[in-house]
Amino acid sequence: MLEHDPSFRSVRLRGGYPPLEDLGLIGDGETVALVGLDGAIHWLCLPRFDSEPVFAALLDHERGGHFTIAPDEVVEARQYYQPDTGVLVTELRSRTGLVRVTDALALRSGADLTDDVPGGRGELVRSAVVLQGDVTLRVELEPRGGAQTWLAASGLRLNPSRRPDLRLHLRSSRPLGGLQDTFDLRQGDSLDLVLSWGRSHRHHRFDAGAMLESTAAAWRRWMTAFSYEGLQEPLVRRAAITLKLCDHWVNGSLVAAATSSLPAPVGGVRNWDYRYTWVRDAAFTVFALRRIGFGNEADAFLGWVLDAFEQSRQARIMYDLDGSPVPDEREDPELEGYRRSAPVRWGNGAADQRQHDVYGEILDCADQWVRSGGQLEPSLWSALAQLTELAGEAWRQPDQGIWEVRSEGRVFTYSAAMCQVALDRAAAIGERLDLPGPVSAWRAAADKLRHTILDQAWDEDAQTLSEHLGGGGSLDASLLALPLRRVVPADHPRMVATTAAVAERLSAGDGLLYRYLHHDSPDGIPGDEGAFLLCSFWLVDNLAMQGRLDEAEKLYDSLCARASPLGLLSEQIDPTTGDLIGNFPQAFSHIGVIASGVTLARARADGSRHTAAGER
């Protein structure tokens, strides 16, 4: 649960690895770092999100590399963010004193985070000050694979062995004896360290305090646009910042998560690289961001999707940050994996799967772009029209679906539904802008496909829509998204029955849901998985839209309580232990926090207006 003034707690390592809830996220619109409660940076990819990590202790605590600032013999610690910022504070207590370490990926002075220009300085700032007592402060900087070092202005120059293309410069407010050093400090003493990359000169002054202040100021200026009145407002604020941290500010793309290969569950092989952009994230993200005041980010993501589609001339389910194809998936045998959960993977093998929902995702983005005042050039409209024609046929064919199964494809209901979305949105765009094309035919086909889905996916015996057309009664939680995509109304009798079936049959306990049951819906991957957080937020939305507001609010509060003390969420929850599992932080989970909060606030406001009208 998010805590603004957390208590100190013991530093836990499980086989050398921190629990995910003991990690904080910092970023600068190009990359992110994960900072542990133990004072170590366990994850940092340079120069951007999807680069090879320089520090990857999160995937191998001995060989992955880390950057640690901590007193000897830490007894307990706590972490918190400076309010409304991406500046992280870690306080570490030893047997002899208390140290505060403030971390940030520095932003330029006066940076405007709404602008599509680089906001970062290419610098990691770590500022330590002794608050109480005397401490021996330990500094260790170990890139993965080691590094050659040379003395340089105010510190050291580094050339990581695995990354000859990367020039690093470590500056210090106190003389450094090497990449491992200790400092005996008293109350009031400080140590500032700045790790820079990509700079062409070394002889420039640095003021860590000023850099942290300007970074915090930039974040707070950005947060003045935040607008939300509803449940869990502090967590919704933090979720907005977390999404911004996962956003590539220049391109407008959003990485699915900050990490690769964090297992779900621990000990399993479901370890994937999420440092890319999934087109299906766009519509949900845009809904969430636009409704809490961040229309610039919403428009930037929509524009990025359309640019990527126009550039590639084909409907890919995911792209890298530049809108190019995702690298081929490969395993890294040198790293043992988080808590020894091998394999570690780079790239993503699902990138070339057949997933028909992408047709609807792209057309939905185009529709939102048009409705927000954007225009479509004739060449782009021509490509979108061709995509619509493909969607009108593709829904009948098997695919790998939203959950990217690695087994034989099926005619998934959600995929068919998103083909209906493609037809519906293309018709809406054509009608709004009076564009050429068989608009009336698309409208008729969309209406017919909606009825087909309600008819062919319905299983009379199980009294639910099924995960694939033809019935059979098997479920997957993506059925809960049908009302959110405006395919089936939430209060349609068959949707109400499906909501109840999903809540009962896919329950992992305490409001958590599995995506599907592996014995009913084999996905070609060994082992089980945890409960998928976004699915439970979809359940919140359905309950709210069906008028079951008290139930929806209770469930929403229980899901929000699963956030870490810093307000961060992973992709999944281990139903047995309650631990956060999977890649972390996961954008989709924070989208759920925002979108469901907005849905509940609107439902409550509508209920109040109806009550007031009745009283009059």
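Looking at the stretch 518-616, what helices (runs of 4 or more DSSP H) fall wholly within it and have at least 3 residues that are open to solvent by 20 Å² or more (accessible area, probe 1.4 Å)? Spell out the reasoning first.
Details: elements: 533-545, 549-560, 587-615.
It comes to 549-560, 587-615.
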Checklist entry - Name the pairs whose Cβ atoms lie under 6 Å apart, with the first residue in the stretch 422-434 and at pLDDT 95 or above, the second outside any helix (DSSP H, G or I), and 6 or more positions between them or separate chains? => result GLY430/GLY437
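Checking the conditions here, which among ALA366, ALA342, ALA351, ALA391 is more than 25 Å from the chain's Cα centre (by Cα) and either small (Gly, Ala, Ser) or buried (at least 22 other Cβ atoms within 10 Å of the Cβ) (or both)? Working first, answer last.
Numbers: ALA366 fails: more than 25 Å from the chain's Cα centre (by Cα); ALA342 fails: more than 25 Å from the chain's Cα centre (by Cα); ALA351 fails: more than 25 Å from the chain's Cα centre (by Cα).
From the options ALA366, ALA342, ALA351, ALA391, the qualifying one is ALA391.
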Next on the checklist: LEU480 - would you say it is touching a residue at least 24 places away in the same chain (Cβ under 8 Å), of a type outside the set (Phe, Trp, Tyr), outside any loop (DSSP other than H, G, I, E, B) and closer than 23 Å to ALA446 by Cβ?
Outcome noted: yes
Item to check | Close pairs (7 angstrom Cβ cut-off, 6 or more residues apart or separate chains): on the phi > 0 side of the Ramachandran plot in the stretch 253-280, polar (S, T, N, Q) and open to solvent by less than 10 Å² (accessible area, probe 1.4 Å) anywhere | outcome: SER261/ASN271; GLY267/SER341
Checklist entry - Could you count how many residues in the stretch 502-545 are under 20 Å from ASP579 (Cα atoms), charged (D, E, K, R) and touching a helix residue (DSSP H, G or I) at 6+ places or on another chain (Cβ under 7 Å)? => result 2
Item to check | Residue, nearest to the chain's Cα centre (by Cα), within the stretch 310-329, restricted to residues that are closer than 22 Å to LEU390 by Cβ and open to solvent by 70 Å² or more (accessible area, probe 1.4 Å) | outcome: PRO325
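So for the stretch 146-153 (the condition being at positive phi, in contact (Cβ under 8 Å) with a residue 24 or more places away in the chain, surrounded by fewer than 18 Cβ atoms within 10 Å (Cβ to Cβ) and not in a strand (DSSP E or B)), does at least one residue qualify?
Quick first cut of the stretch 146-153, residues at positive phi only: 146.
Going one step further and asking which of them are in contact (Cβ under 8 Å) with a residue 24 or more places away in the chain, we end up with none.
There is no residue in the stretch 146-153 that is at positive phi, in contact (Cβ under 8 Å) with a residue 24 or more places away in the chain, surrounded by fewer than 18 Cβ atoms within 10 Å (Cβ to Cβ) and not in a strand (DSSP E or B).
Going by the structure shown, is GLY401 surrounded by fewer than 21 Cβ atoms within 10 Å (Cβ to Cβ), of a type outside the set (S, T, N, Q), at pLDDT below 95 and not in a helix (DSSP H, G or I)? Working first, answer last.
Working: surrounded by fewer than 21 Cβ atoms within 10 Å (Cβ to Cβ): no; of a type outside the set (S, T, N, Q): yes; at pLDDT below 95: yes; not in a helix (DSSP H, G or I): yes.
The answer is no for GLY401.
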Checklist entry - Do we find a residue being modelled with pLDDT of 95 or more, within 30 Å of PHE301 (Cα to Cα), within 32 Å of the chain's Cα centre (by Cα) and not in a strand (DSSP E or B) anywhere in the stretch 182-199? => result no
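Go over the candidates THR452, THR498 one by one and state the one that is modelled with pLDDT of 95 or more, out of contact with any strand residue (DSSP E or B) (no Cβ under 9 Å at 6 or more places or on another chain) and not in a loop (DSSP other than H, G, I, E, B). Full working, then the answer.
Values: THR498 fails: out of contact with any strand residue (DSSP E or B) (no Cβ under 9 Å at 6 or more places or on another chain).
Answer to the check: THR452.
The values are calculated or read from the model by the stated rules, or taken from the named source; none is laboratory data. Bear in mind the structure is a predicted one, so any value in this text is a computation, not a measurement. Cβ coordinates were reconstructed from backbone atoms using ideal geometry, including for glycine residues, and neighbour counts include every protein chain displayed. Just the protein is used for accessible areas: all its heavy atoms, side chains included, with ligands, DNA and RNA removed. Shrake-Rupley method; radii C 1.70, N 1.55, O 1.52, S 1.80 Å.
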